[in-house]
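Notes follow once the structure below has been shown.
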Amino acid sequence: MARSRSHLHLALAALLVGSIGTVAVAKKGDLLYDVRNPDFQTDLFLLSAKTGQSTKLNPILNPDGSESVNQSFAFGPKGKVVFYVADQDVDGTRELYRADLKSGTVTKLNGTLVAGSQINNVRVAD
């Protein structure tokens with residue numbers, strides 16, 4: 001049942017909000033996906049396989065559309081956290097974040113980056 005709701009929710013999100021870019025699947029079946037809205041701003045969502053509910057993981061981004069979640073994200077090894085790269089705090093700079101799926105807390109993991117540098121991808125080893 002949750003699987004069919006998951007497919008339906010992803011299809012509805014694409015139609016109502018924008019286009020879906022990247023999708024990641026956790027071992028327990030949860031889906032992590034990004035949605036780009038018509039203003040080209042991208043947000044990160046978690047779709048629970050258990051409840052069928054979708055939750056936005058990243059905080060509200062700058063409404064001018066210049067800040068967004070990069071299409072680089074991954075579940076932590078135990079599926080309790082999500083790591084993602086986003087242009088979230090410093091305009092024009094992609095940085096690394098961790099979202100705790102239980103508490104909803106988002107933490108920036110990198111320190112201050114050298115001017116002009118940024119993080120492009122995240123990979124998690126088992």
Sorted by Cβ neighbour density within 10 Å, fewest at the top, the residues VAL82, VAL25: VAL25, VAL82
When a footprinting reagent is the concern and you count Cβ atoms within 10 Å, what order do VAL114, VAL81, VAL23 take, fewest first? VAL114, VAL23, VAL81
Please find the FRET efficiency linking LYS56 to LYS80, where r is the Cβ-Cβ separation and R0 is fixed at 22 Å, and quote it to the nearest 0.05. 0.80
Stretched fully, the stretch from ALA49 through THR107 gains (0.36 nm per residue minus C-alpha distance, one decimal, in nm) 18.4 nm
Protection-proxy order for peptides 29-36, 44-51, each taking the mean of Cβ atoms within 10 Å per residue, highest first: 29-36, 44-51
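Throughout, read-outs are computed from the coordinates displayed, never taken from laboratory work. Since the model is a prediction, treat every value here as computed from it, not as a measurement. When we count neighbours, we look across all protein chains shown, and the Cβ atoms used for this are built from the backbone with ideal geometry, even at glycine.
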